[in-house]
Amino acid sequence: MSDIVIVSGSPVEVSRSQSILDYIGSILEGKGISVECVSVREVPAEELMSGNFRSSKLNEITEKLTAADAVVVGSPVYKAAYSGVLKCLFDILPQDVLDNTPVLPIMTGASISHLLALEYALKPLLSTLKGKPLKGIYYLDSQVDKMAAFPIQDEDLVNRTKKQLEYLVEQINTGKSFS
C-alpha cells in the first residue's frame with residue numbers, strides 16, 4: 001500500500017479546490033491507497049506569518065511529506081498564482097521536503113486566462129522543494145460544483161483527472177524517473 005499526502009492550499013473550508021482534492025482522495029482510496037490530507041488551515045496563522053520553523057504542526061506536516069510516496073497539491077488561483085497561505089507554508093518547510101517525490105499539481109480558477117499559473121507559479125515552487133511535478137490539471141470554476149459529491153462537472157475533465165491519477169500511481173509503483 002502506498003501513501004499519498006494531499007495538500008490543500010485553499011484558505012477556505014468549502015471551496016472548489018478542496019472539493020476536487022476530496023474527490024481525488026476518494027478515488028485514490030478506492031484503489032487501496034492510503035491517503036492523508038493536510039490543509040494550510042491546520043497551521044495557526046501566527047505560525048505561518050511569523051515563519052515559525054519550530055511549530056509542532058509544521059514538524060508533523062514535514063514528517064508526512066517526507067514519508068510520502070507521492071503528493072497532490074491543490075490551490076485556487078489568486079492574483080495569477082497559488083494562494084498566499086500555501087506559499088507561507090512552503091516557505092517554512094525544509095528546502096528538500098519533496099525530495100524526488102512525484103507531485104500532482106492541481107489548480108482552480110475563474111478564467112482560462114489563469115491556466116499558466118500552473119506552469120509558471122505552482123510547478124516551479126514544487127520543483128524548488130525538490131519535487132517532481134507531473135503534468136497537472138487546471139479546473140475552471142464553471143466546471144466544478146463544490147457542493148456535489150462528484151464535483152467535476154465536465155466528463156472529459158473527469159477522464160483527464162483519472163488518467164493523471166493513474167500516472168501518479170504508476171510512478172509510485174514503478175519508481176521510475178520522469179521529467
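Where in region 47-88 does the label zone of residue 95 land, with the point 7 angstrom along Cα→C-beta and an amide N cut-off under 20 Å?
51-55, 59, 62-63, 65-67, 87-88
Please report the relative contact order for the chain, taking Cα pairs under 8 Å with a sequence separation of at least 6, and give it as a percent rounded to a whole number.
24 percent.
Using modelled backbone amide H atoms (1.01 Å from N, in-plane), which distant-in-sequence or interchain residues come within less than 5 Å of residue 7's amide H?
Long-range HN contacts for residue 7: 38, 72, 73, 74.
For residue 153, which sequence-distant residues (separation of 5 or more, or a different chain) have an amide H within less than 5 Å of its own amide H, given hydrogens modelled in the peptide plane?
144, 145
List the residues, sorted by chain then number, that are 5 or more residues from residue 139 or on another chain and whose placed amide H is less than 5 Å from its amide H.
Amide H neighbours of residue 139, under 5 Å, 5+ apart: 107, 108, 109.
Counting other beta carbons within 10 Å of each Cβ, put 34, 10 in order, fewest first. Mind dumping the intermediate values first?
On the way: 34 13, 10 25.
Fewest-to-most ranking of 34, 10: 34, 10.
Quick check on region 3-173: of the DSSP beta bridges with both residues there, what percent are antiparallel, nearest 5%?
Values: 2 of 25 bridges.
DSSP beta bridges in region 3-173 are roughly 10 percent antiparallel.
Can you compute the helix-only [θ] at 222 nm over the chain? Use -39500 (n - 2.57) per DSSP H run of at least 4 residues, normalise by all residues, nearest 500 deg cm²/dmol.
-11500 deg cm²/dmol
Please list, in order along region 18-28, the HN-Hα scalar couplings obtained from phi with the Karplus expression 6.51 cos²θ - 1.76 cosθ + 1.60 (θ = phi - 60°), rounded to whole Hz, x for Gly and Pro.
5, 5, 5, 5, 4, 5, 4, x, 5, 5, 5
Taking 0.36 nm per intervening residue step and subtracting the Cα-Cα distance, what contour gain separates residue 79 from residue 110 on full extension? Spell out each step's value before the answer.
Values: separation 31, 0.36 × 31 = 11.16 nm, distance 1.12 nm.
Working it through step by step, the gained length comes to 10.0 nm.
Residue by residue through region 161-168, what is 3J(HN,Hα) from phi via Karplus (6.51 cos²θ - 1.76 cosθ + 1.60, θ = phi - 60°)? Round to whole Hz and write x for glycine and proline.
4, 4, 5, 5, 5, 4, 5, 4
For region 94-110, take each phi angle, set θ = phi - 60°, evaluate the Karplus expression 6.51 cos²θ - 1.76 cosθ + 1.60, and give the result in whole Hz per residue in order, putting x for glycine and proline.
Computed from phi, the couplings for region 94-110 are x, 4, 10, 4, 9, 3, 6, 9, x, 10, 9, x, 10, 9, 10, x, 6 Hz.
Have a look at the chain and give its Rg and Dmax from the Cα atoms, expressed in angstrom.
That works out to 15.0, 44 Å for Rg and Dmax.
Could you tally up the Lys pairs in the chain with alpha carbons closer than 17 Å? Skip any pair fewer than 8 positions apart unless they're on separate chains.
So the count works out to 16.
Give the peptides 161-169, 19-27 in descending order of average Cβ contacts within 10 Å, highest first.
Those peptides, ordered most packed to least, come out 19-27, 161-169.
Laboratory data are not the source of any read-out in this text; all were calculated from the coordinates shown. As the structure is a prediction and not an experimental result, all values here were calculated from the model. When we count neighbours, we look across all protein chains shown, and the Cβ atoms used for this are built from the backbone with ideal geometry, even at glycine.
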